[in-house]
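Written out below as structure tokens is the structure these notes cover.
The values are calculated or read from the model by the stated rules, or taken from the named source; none is laboratory data. Values in this document were obtained by computation on a predicted structure and should not be read as measured data. Quick reminder, even Gly has a Cβ in these numbers, built from the backbone with ideal geometry, and neighbours come from all protein chains shown. Keep in mind that these areas ignore ligands, DNA and RNA; they rest on the heavy atoms of the full protein, side chains included. Shrake-Rupley method; radii C 1.70, N 1.55, O 1.52, S 1.80 Å.
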Amino acid sequence: EGGPRRWKIVGGNITLNAAPSADADDVGAFTNGTILKNLGCMEVADQVWCKVRPFRGGSAGFVQATQLQPAQGPDGIVPMGVDDSSRRARVRDFDSKGKVPCAQEQGQAMGTCLAAVARSSGGDATVVVTFPNGFARNLYFIHGEFVRASATMSGVGTDMDWRLENKRYFIRVDDQRYELPNTLVFEN
């Protein structure tokens with residue numbers, strides 16, 4: 001609530017604990033520089049512990065706050081509080097709109113779709129892509145990375161791959177393909 005959305009591990013590799021205690025079971029490990037989602041911090045026995053998880057999903061656990069610092073997004077801003085881009089996209093409060101190459105079916109030639117983006121700070125955004133037949137899908141970005149798509153009748157949005165090449169996101173979700181310029185997703 002109002003704190004940084006993500007933490008960066010500093011000062012070496014860390015162990016993720018199942019509870020806010022050095023004696024708790026290990027549930028994972030992360031290397032120096034890893035970015036983790038902030039799930040809240042608490043004071044326990046005169047030490048501050050933060051509950052974290054990888055922002056692409058995975059086990060949540062606890063890390064001492066002394067091993068963390070607020071993570072800057074790719075835009076140089078430390079995002080604070082809750083990312084509101086998904087809510088804004090639902091109510092059609094967009095920052096920018098444009099046309100992007102897309103294909104709805106496997107093997108289909110790329111056509112043109114309408115894309116609208118609701119941005120948040122720190123490299124977070126929700127892009128709504130609408131195909132010519134009216135089918136729309138939300139594409140979610142966290143910390144400048146594509147992380148998932150909305151579930152539809154054609155799939156749950158997690159069968160995907162993506163890459164960022166020449167300032168362009170090439171995304172495949174289920175059988176659909178999208179090409180989004182970085183300037184549409186993150187720049188004014």
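Side notes on the structure shown:
- Those residues of the stretch 60-113 which are among the hydroxyl-bearing types (Ser, Thr, Tyr) and touching a Leu at 6+ places or on another chain (Cβ under 7 Å), in sequence order: Ser96
- Among residues that are closer than 15 Å to Thr66 by Cα, part of a strand (DSSP E or B) and either open to solvent by 60 Å² or more (accessible area, probe 1.4 Å) or not acidic (Asp, Glu) (or both), Leu16 is included.
- Asp93 vs. criteria free of Cβ contacts under 8 Å to residues at least 60 places away in the same chain and under 16 Å from Leu184 (Cα atoms): yes
- Among the residues here, Ala29 does not qualify as closer than 25 Å to Val127 by Cα, modelled with pLDDT of 90 or more, outside any loop (DSSP other than H, G, I, E, B) and not aromatic (Phe, Trp, Tyr).
- Of all residues in the stretch 106-129, those satisfying the criterion of being modelled with pLDDT of 95 or more, loosely packed, with under 15 Cβ neighbours inside 10 Å and either of a type outside the set (A, V, I, L, M) or not in a loop (DSSP other than H, G, I, E, B) (or both) are Gly111, Thr112.
- Of the criteria (1) loosely packed, with under 13 Cβ neighbours inside 10 Å; (2) free of Cβ contacts under 8 Å to residues at least 24 places away in the same chain, which one Leu39 fails: (1)
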